[in-house]
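Contents: one structure, followed by commentary.
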Ligand code: PT1
C-alpha cells in the first residue's frame, strides 16, 4: 500500500513512525515567540534524526479539556516551524489542525499533509485539502475536546468508528481527493472511555477493511495511564506496547512522542511479521 502526500510517496508495507512536534508557547507569551519556535524546530530535526518517517506539527492541543487557540496564535506558532522543518528535513511535514485557514497556510509553507482530528468536517476544510496534492489523515472523534470525555456512548464502538470513517473517505473522494492520499484513524482518547479504547485496539483489524492505511495515536495517552497507574512522564513502556500491538493489528503509521524507542520496537515486529 502506498500513501501519497505532496511531493512524497510513502511505502506503507513497512510500519511508519510519525513524530509529534508540539509548538507550545511559554506560559507568558501567546505563541510565536522566537524561543518557542526554535525549540520546536530543534525537536523536529532530532525526531527526524531518530528515524521519524513523518513529522506532525501542532499548535493547538486537542486533548480532552484543552482550551481552543485563536486562528492568529495558531498561525504564528505553526507556520514558521513548518517552513523551517520543510527545508531542514527530508521527511513530509504534517500539520495537526482542523481550521481551513491554517491548512491553506501550512500547505503554502511546505507541509505535505493535513492531520485533522475532525476529519475535514469544518466548513471549507474539504476544499482546502482538495485544492492541492496534500495527503490527509481523517480521525474519528465524538464531541469537542471540551466535552468529549464527559459521557461517551456507543452501541458498537468499532462499527460506529469504521462507518464514520467510511463516510468521510467518501466525502473526500466526492471532493476530488484521491483514495491514495487518505489515511484513517480511530481517534484513541477522543470521546472514548477506557473500555471503548481497549475494544478499538483489540478490534483494530476491522478498520483495515476500509482499504486505507490506518494511523494510530496512543502515545502517552491517559488510557495507558489508567491501565498502568502511571503518570504521563512514566508511560514510555506502555506506549511502546501500544505501538507494537497497533502495528500487529494492521496499523501502518503510529503517531508517537518517543521516536527512537518506537523505531527500535517496530524493527522487531517487522522482522517477525515479514511486513
Ligand atoms: C491522534 C491524535 C492526533 N491525538 C491523530 N492526531 C492527539 N491523527 C492529537 C489522553 O487521553 O490520536 N491521531 N492529534 C492528542 N490527543 C489526545 C487525546 C491526547 C487524548 C491525550 C489524550 O490523555
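The values are calculated or read from the model by the stated rules, or taken from the named source; none is laboratory data. Bear in mind that the values here come from a model prediction, so they are computed numbers and not experimental data. Backbone-built Cβ (ideal geometry, glycine too); neighbour counts: all protein chains shown.
Any residue in region 202-209 that is within 16 Å of the ligand (Cβ to nearest atom) and modelled with pLDDT of 95 or more?
yes
In this structure, does residue 117 turn out to be touching a residue at least 40 places away in the same chain (Cβ under 8 Å) and within 14 Å of the ligand (Cβ to nearest atom)?
Spelling it out, residue 117 is indeed touching a residue at least 40 places away in the same chain (Cβ under 8 Å) and within 14 Å of the ligand (Cβ to nearest atom).
Can you confirm whether residue 91 is away from the ligand (no atom under 13 Å from the Cβ), part of a helix (DSSP H, G or I) and either crowded, with 18+ Cβ neighbours inside 10 Å or without any contact (Cβ under 8 Å) to a residue 40 or more places away in the chain (or both)?
It is false that residue 91 is away from the ligand (no atom under 13 Å from the Cβ), part of a helix (DSSP H, G or I) and either crowded, with 18+ Cβ neighbours inside 10 Å or without any contact (Cβ under 8 Å) to a residue 40 or more places away in the chain (or both).
Name every residue in region 127-159 that is out of contact with any helix residue (DSSP H, G or I) (no Cβ under 6 Å at 6 or more places or on another chain), surrounded by 22 or more Cβ atoms within 10 Å (Cβ to Cβ) and part of a helix (DSSP H, G or I), in order of residue number.
129
Using beta carbons and a limit of 7 Å, which pairs, at least six apart or on different chains, have the first residue in region 205-218 and touching a residue at least 12 places away in the same chain (Cβ under 8 Å) and within 20 Å of residue 239 (Cα to Cα) and the second one in a helix (DSSP H, G or I) and within 15 Å of the ligand (Cβ to nearest atom)?
214/207; 216/246; 218/224; 218/239; 218/242; 218/246
Tell me, which residue of region 163-201 that is over 25 Å from residue 123 (Cβ atoms) and touching a residue at least 40 places away in the same chain (Cβ under 8 Å) is nearest to the ligand (Cβ to nearest atom)?
By that ranking, first place goes to 189.
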